[in-house]
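**Student:** Attaching a single structure in structure tokens format; questions to follow.
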Amino acid sequence: MQRITAETDAPLFDIAATRRIEHVAAAALPPHTLMQRAGRAVARLAMALATDARTVWIACGPGNNGGDGFEAAAQLQRHGFHPVVTHAGDTERLPADARASFERARAEGVTFADSPPTVCDLAIDALLGIGARRPPGGAMAEWLARMHTSAAPLLSVDLPSGLNADTGTWGGPSLAAPTDRRFCLTLLTRKPGLFTAQGRDAAGEVWFDDLGCTAGDEAPAARLNERPEDRSRAHASHKGSYGDVAVVGGAPGMAGAALLAASAALHAGAGRVYVAPLDETAVMLDMRHPELMFRRPDALEMAQLSVVCGCGGDDAVRAVLPRVLSTAGALVLDADALNAIARDASLQTLLRQRAARGRRTVLTPHPLEAARLLGVDTTQVQADRLQAAAALADRFACTVVLKGSGTVIASPGETPRINFGSNARLATAGTGDVLAGMVGAGLAAGSTAHAAARAAVWRHGDRADRWPADQALTAGALARGTPVR
Ligand SMILES: NC(=O)C1=CN([C@@H]2O[C@H](COP(=O)(O)OP(=O)(O)OC[C@H]3O[C@@H](n4cnc5c(N)ncnc54)[C@H](O)[C@@H]3O)[C@@H](O)[C@H]2O)[C@@H](O)CC1
Ligand SMILES: Nc1ncnc2c1ncn2[C@@H]1O[C@H](COP(=O)(O)OP(=O)(O)O)[C@@H](O)[C@H]1O
Ligand SMILES: [K+]
């Protein structure tokens, strides 16, 4: 059993692949073995989470997820706990494995009740797993609401019931209560939906048990984004070895966005960083960052540069985009550059042509920017973030970073990544500009678009995770990588 952290490098399998893996594993084992292993694993984690627990409420559903719950109940009873099982379903219609586990729980003397115990020390949600077909209703919905709001810790079996394992969309109760009492033990495979969209909030801390099985040669739907290698610097290197970044952005009234991206690129290790403001009246100096060099956009030798374009671009960015798209050696497109491209087919053609010329490009949309590029609405993007990122990567033949909880990194021909580290302290203006600058520095240093995006997203999230709780996380400080001013 393993706890998932930002250090975990692991494949993520969707429901269809998980079913195939389960099928192969079950065929090679004596009947009911997998469910017994699942129940034992659930009981083991339950006992570790609530060592002093006495009453454990286990809500079991109509399928095999419920079977895992019965099996865990039998185990907990055997270990001297007091499990109380409520069952949402007809025991006569349980699938064979779950039926066997139900009988085992009964034989162990587990208490079955029609309604949940008034108090419990731990709740276990074994209502629905990968077989959930619609949002839970009736007693299931009531029980879930109670579990997600009660003071007792909640352990979800395989998935929080109501979570779509493929997409992370949520059909369960409000998730307003803090997540630090939520735990999930996912079984056999790690599922992408646990790590993006509402997955993180619904699941809380995620643990994994492979039930002694391997995934064989199943292709994962995605992988968790792993820690990038530390960048060592050869003694005999010089600033030219780390490349030049130019930030094109900062229209009138929006200079800050460009400066944030530039600061982030600088602190991420770029050899030289230029700022090209889209405001003719801009002051061509940043007193806090005298390292930054200021140029007019038309004075930049784009082919030699890793250009970060769009941060604070407003409408002014439209005018420079044809040249930027046609000539930038490497390119990060963010914010208003993405909005301008979404409105203009000729810019879209130029964007697509970059790949054919061997030029590296990374788009860093948040869900609304992604929706505009795809011509859909934000809800449709959020309904399947992996699919939306892949569709954009495919459409524009480049790397796409779809931001938000569980940032997705997709590139043509690569297994998509979902970033685990990071948290909602990043939900503050300017942190996206910082990410764009960090990606730009990676491109300038020579990384592929996919590798630069993965590394920057991981480090950006890691900074947020390590940020001291008593210090404000602002984009300016994040760009510098330190809360100390
Ligand atoms: N078969 C096995 O040996 C194993 C199964 N495992 C467990 O089994 C789960 C999958 O089991 P199932 O395929 O039976 O699926 P589930 O137990 O997730 O649910 C399927 C059942 O729930 C009903 N249902 C779906 N949505 C509902 C809703 N909103 N309201 C009410 N009823 C609803 C379906 O009609 C079906 O009866 C996994 O998530 C995992 O927890 C694991 O123990 C691994 C081994
Ligand atoms: N709830 C959250 N959890 C994790 N990361 C988040 C969350 N909210 C925002 N972020 C991250 O913060 C950054 C915000 O970027 P963006 O929306 O472009 O903001 P801005 O345009 O103000 O810079 C992205 O990297 C995004 O992934
Ligand atoms: K469940």
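**Student:** Considering every residue within the range 154-172, establish whether at least one is in contact with a Lys or Arg (Cβ under 6 Å, 6 or more places away or on another chain), touching a residue at least 40 places away in the same chain (Cβ under 8 Å) and closer than 21 Å to Leu386 by Cα. Explain how you work it out, then say what you get.
**Tutor:** Here is the first cut: in the range 154-172, the ones in contact with a Lys or Arg (Cβ under 6 Å, 6 or more places away or on another chain) are 154, 165.
Those left that are additionally touching a residue at least 40 places away in the same chain (Cβ under 8 Å): 154, 165.
Checking the rest, the ones that are also closer than 21 Å to Leu386 by Cα come to 165.
Checked against the condition, which is being in contact with a Lys or Arg (Cβ under 6 Å, 6 or more places away or on another chain), touching a residue at least 40 places away in the same chain (Cβ under 8 Å) and closer than 21 Å to Leu386 by Cα, the range 154-172 yields at least one hit.
**Student:** Open to solvent by less than 40 Å² (accessible area, probe 1.4 Å) and either more than 16 Å from ligand 1 (Cβ to nearest atom) or within 16 Å of the chain's Cα centre (by Cα) (or both): which single residue out of Pro416, Pro468 fits that description? Don't jump to the end; show me each part of the working.
**Tutor:** Details: Pro468 fails: open to solvent by less than 40 Å² (accessible area, probe 1.4 Å).
Exactly one of Pro416, Pro468 is open to solvent by less than 40 Å² (accessible area, probe 1.4 Å) and either more than 16 Å from ligand 1 (Cβ to nearest atom) or within 16 Å of the chain's Cα centre (by Cα) (or both), namely Pro416.
**Student:** With (1) open to solvent by less than 30 Å² (accessible area, probe 1.4 Å); (2) outside any loop (DSSP other than H, G, I, E, B) as the list, and Ala282 as the residue in question, which single condition is left unmet?
**Tutor:** Checking Ala282 against (1) open to solvent by less than 30 Å² (accessible area, probe 1.4 Å); (2) outside any loop (DSSP other than H, G, I, E, B), the one that fails is (2).
**Student:** Could you check how many residues of the range 188-213 are touching a Gly at 6+ places or on another chain (Cβ under 8 Å) and open to solvent by 10 Å² or more (accessible area, probe 1.4 Å)? Talk me through it step by step, then tell me what you get.
**Tutor:** Within the range 188-213, the first condition is being touching a Gly at 6+ places or on another chain (Cβ under 8 Å), and the residues that meet it are 192-200, 202.
Now drop any that are not open to solvent by 10 Å² or more (accessible area, probe 1.4 Å), which leaves 197-198, 200.
Qualifying residue count for the region: 3.
Residues checked against (1) of a type outside the set (A, V, I, L, M); (2) touching a Phe, Trp or Tyr at 6+ places or on another chain (Cβ under 7 Å); (3) under 30 Å from Glu218 (Cα atoms):
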{"site": "Arg19", "(1), (2), (3)": "yes, no, yes"}
{"site": "His23", "(1), (2), (3)": "yes, no, yes"}
{"site": "Pro31", "(1), (2), (3)": "yes, no, yes"}
{"site": "Val42", "(1), (2), (3)": "no, no, yes"}
{"site": "Ala59", "(1), (2), (3)": "no, yes, no"}
{"site": "Gly63", "(1), (2), (3)": "yes, no, yes"}
{"site": "Phe70", "(1), (2), (3)": "yes, yes, yes"}
{"site": "Pro83", "(1), (2), (3)": "yes, no, no"}
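Per-residue answers, yes or no, for (1) surrounded by 12 or more Cβ atoms within 10 Å (Cβ to Cβ); (2) small (Gly, Ala, Ser); (3) in a strand (DSSP E or B):
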| site | (1), (2), (3) |
| --- | --- |
| Asp9 | no, no, no |
| Thr18 | yes, no, no |
| Pro30 | no, no, no |
| Leu34 | yes, no, no |
| Ala38 | yes, yes, no |
| Arg44 | yes, no, no |
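**Student:** Quick one: Phe183 ticks every box in (1) within 18 Å of the chain's Cα centre (by Cα); (2) touching a residue at least 40 places away in the same chain (Cβ under 8 Å); (3) within 11 Å of ligand 1 (Cβ to nearest atom) except a single one, so which number is it?
**Tutor:** The one condition Phe183 does not meet is (3).
**Student:** Here is a follow-up. Can you spot a residue in the range 239-246 that is among the acidic types (Asp, Glu), buried (at least 18 other Cβ atoms within 10 Å of the Cβ) and under 25 Å from Ser411 (Cβ atoms)? If you could, list the steps in order and put the result at the bottom.
**Tutor:** The initial filter retains those residues of the range 239-246 that are among the acidic types (Asp, Glu), namely 244.
Imposing the further condition that a residue be buried (at least 18 other Cβ atoms within 10 Å of the Cβ) reduces the set to 244.
Now drop any that are not under 25 Å from Ser411 (Cβ atoms), which leaves 244.
Scanning the range 239-246, I find at least one residue that is among the acidic types (Asp, Glu), buried (at least 18 other Cβ atoms within 10 Å of the Cβ) and under 25 Å from Ser411 (Cβ atoms), so the answer is yes.
**Student:** Is there any pair linking a residue in the range 370-381 that is free of Cβ contacts under 8 Å to residues at least 40 places away in the same chain to one that is among the charged types (D, E, K, R), with Cβ under 9 Å and at least six apart or on different chains, and which?
**Tutor:** Ala370/Arg385; Ala370/Lys403; Ala371/Asp377; Arg372/Arg343; Leu373/Arg395; Leu374/Arg395
**Student:** Then there's this: When the residues of the range 154-169 are filtered to those that are open to solvent by 10 Å² or more (accessible area, probe 1.4 Å) and within 13 Å of ligand 1 (Cβ to nearest atom), which remaining residue is nearest to the chain's Cα centre (by Cα)? Spell out the reasoning first.
**Tutor:** Of the residues in the range 154-169, the ones open to solvent by 10 Å² or more (accessible area, probe 1.4 Å) are 158, 162, 164, 166-167, 169.
When the remaining residues are screened for being within 13 Å of ligand 1 (Cβ to nearest atom), the result is 158, 162, 164, 166.
Values: Asp158: 18, Gly162: 18, Asn164: 14, Asp166: 12 Å.
Taking the candidates together, the pick is Asp166.
**Student:** Then there's this: Only residues that are in a helix (DSSP H, G or I) and either under 17 Å from Thr482 (Cβ atoms) or in contact with a Lys or Arg (Cβ under 9 Å, 6 or more places away or on another chain) (or both): list them for the range 425-441, please.
**Tutor:** Step one: of the range 425-441, the residues in a helix (DSSP H, G or I) are 425-426, 431-441.
Matches in the range 425-441: Arg425, Leu426, Thr431, Gly432, Val434, Leu435, Gly437, Met438, Ala441.
**Student:** Sticking with this structure for a sec: Evaluate the following for Ala151: is it more than 24 Å from the chain's Cα centre (by Cα) and away from ligand 3 (no atom under 16 Å from the Cβ)?
**Tutor:** yes
The values are calculated or read from the model by the stated rules, or taken from the named source; none is laboratory data. Since the model is a prediction, treat every value here as computed from it, not as a measurement. Cβ atoms come from the backbone with ideal geometry, glycine included; neighbour counts cover every protein chain shown. Heads up: the accessible areas ignore ligands, DNA and RNA and are worked out on the full protein's heavy atoms, side chains in. Shrake-Rupley method; radii C 1.70, N 1.55, O 1.52, S 1.80 Å.
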